[in-house]
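Undergrad: So that we are looking at the same thing, I have put the structure below in structure tokens.
Where a number appears in this text, it was derived from the coordinates with a stated rule and is not lab data. Bear in mind the structure is a predicted one, so any value in this text is a computation, not a measurement. No Cβ is skipped: glycine too gets one built from the backbone with ideal geometry, and neighbour counts run over all protein chains shown.
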């Protein structure tokens, strides 16, 4: 049967289909560290909507599973090969199809990288706000599929707020267009919002109409503070939001994370910054204010940081601001360079950040595992990272993660703020959603994908879903 499927694919789209072992092995993992147990039957590098439709017609006819994949930077295992599946890679669909300055929108293919789109927009005085830490390597299609957040979303919103419309190939090969090009539009159900964050379980995004923002005049002011411990830094960040201040960036790195970054970057990497000399338990909180009122907002933030016990520095130097953001963005590369990491993603109400950090520290001590944490403190989104040795995540690490997930939900939070459920968190999904919501969502999946061929095992694990 698998050979027959490959023959049908090659008849439909020719050389875009690969069965080379090296190609198939390359899509068995993503940046989550999870690796599928076997190779897929084929990898398709689609370059057009027509090719995506052709693949889905073959899959629908033969009942073959399809795993959509973009840049492969996901952190929840949502785009890794499923046994017996076709991996449909859309990363080569990477054209910016249109930029409308008058309407402040762009139409892009799913493989366009965040950073590349903003490089193209900058000369026009426009920018695309979603800003994940992986923006240089992550694709817009993947960002939409996971409803990605990032460093700027406390002020500018997550990806959903920037998506006006989509073109999506459905399970039987039909092309569905959703949304609009207008600022407002409330006709019918909001299928654009439904598909944003659906993690490749309802359709394959082949085009997106995205909202752009004007680059506004004014300086960017950076406020950096070192705190004696993570709870005081978390309290300072909560004080900023309680004061009705909305900096563009509000990021927190705990002492374990700082130690990993320092080891990765070396002494020269922190030299000349507020992090040049750190005591063992100290924690870093970084804020950036933009727009015309940046200086006044930064001054107010600096006062709050100082009142909370921080050692504060303030600078309008763009190079220093970029350097400090670069240190923040170095967190995940630093962890990856130091061993195996389970990168997690929970969110709590911003006022509960101190309690969540305290709980993570206690969980780490009880289970004997180091949990470096970086947080988008401006919106309460924490990334606890479980560091371990060996190829498989040890049982005690999963037990610690289980307790952490349940603690976040108990504090009024959620299992995932931006990475998605994927295959890593599906076991906890029903607990957060509740029985009624969980079954309604499974029903939506069945409506879009009656044969269950899209991304099996992601979010909802069917009884006969193959292991991944």
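Undergrad: With a ≥ b ≥ c the root eigenvalues of the C-alpha gyration tensor of segment 13-53, is it rounded (a/c under 1.5), prolate (a/b larger than b/c) or oblate?
TA: In terms of gyration-tensor shape, prolate.
Undergrad: Separate question: Using alpha carbons only, how many angstrom separate the centre of segment 168-200 from the centre of segment 339-396?
TA: 34
Undergrad: Under the rule a/c < 1.5 gives rounded, and otherwise a/b versus b/c splits prolate from oblate, where does segment 217-335 land using the Cα gyration tensor?
TA: Note, shape of segment 217-335 comes out oblate.
Undergrad: Quick one: 29, 109, 276, fewest Cβ neighbours within 10 Å first, how do they rank?
TA: 276, 29, 109
Undergrad: Hey, what does the equivalent ellipsoid look like for segment 339-429, semi-axes from the Cα gyration tensor as sqrt of 5 times each eigenvalue, largest first, whole Å?
TA: 20, 14, 12
Undergrad: What does the convex hull of the alpha-carbon atoms of segment 71-198 project to on average, in nm²?
TA: Average of the hull's projected areas for segment 71-198 equals 8.7 nm².
Undergrad: Against the empirical 2.2 N^0.38 Å scaling, what ratio does the C-alpha Rg of segment 2-91 come to?
TA: Rg over 2.2 N^0.38 Å, computed on Cα atoms: 0.99.
Undergrad: Same structure again: I need 155, 184, 451, 425 ordered by Cβ neighbour count within 10 Å, fewest first.
TA: Lowest count first: 184, 451, 155, 425.
Undergrad: Using only Cα atoms and rounding to the nearest 10 degrees, what angle (0 to 90) does helix 49-62 make with the longest principal axis of the chain?
TA: 60
Undergrad: Which ordering of 335, 124, 265 is given by a fewest-first count of other beta-carbon atoms within 10 Å?
TA: Taking fewest neighbouring Cβ atoms as first place, the list is 124, 265, 335.
Undergrad: A follow-up question, please. Run lengths n ≥ 4 of DSSP H only: what is the helix-derived mean residue ellipticity at 222 nm for the chain, with -39500 (n - 2.57) per run over all residues, to the nearest 500?
TA: -10500 deg cm²/dmol
Undergrad: Give me D for segment 129-259 in µm² s⁻¹, whole number, from Stokes-Einstein with Rh from the Kirkwood sum over alpha-carbon pairs, 37 °C and 0.692 mPa s.
TA: 191
Undergrad: Can you give me the angle between helix 435-448 and the longest principal axis of the chain, using Cα atoms only, in degrees from 0 to 90, rounded to the nearest 10?
TA: Taking the Cα atoms of the chain, the angle to 435-448 is about 50 degrees.
Undergrad: Ok, one more. Could you tell me which of rounded, prolate or oblate describes segment 309-382, using a ≥ b ≥ c as the square roots of the eigenvalues of the alpha-carbon gyration tensor, with rounded for a/c under 1.5 and, failing that, prolate when a/b is larger than b/c and oblate otherwise?
TA: Because a/c hits 1.5 or more and a/b fails to exceed b/c, segment 309-382 counts as oblate.
Undergrad: Once mean projected area of the Cα convex hull in nm² is worked out from the coordinates, which option in (1) 30.0; (2) 19.3; (3) 21.7 does it equal?
TA: (3)
Undergrad: So for segment 339-429, averaging the separation of alpha carbon pairs under 8 Å that are six or more residues apart and normalising by length, what relative contact order in percent results?
TA: 39
Undergrad: Sequence gap at least 6, Cα distance under 8 Å: using those rules, report the relative contact order of the chain to the nearest whole percent.
TA: 17
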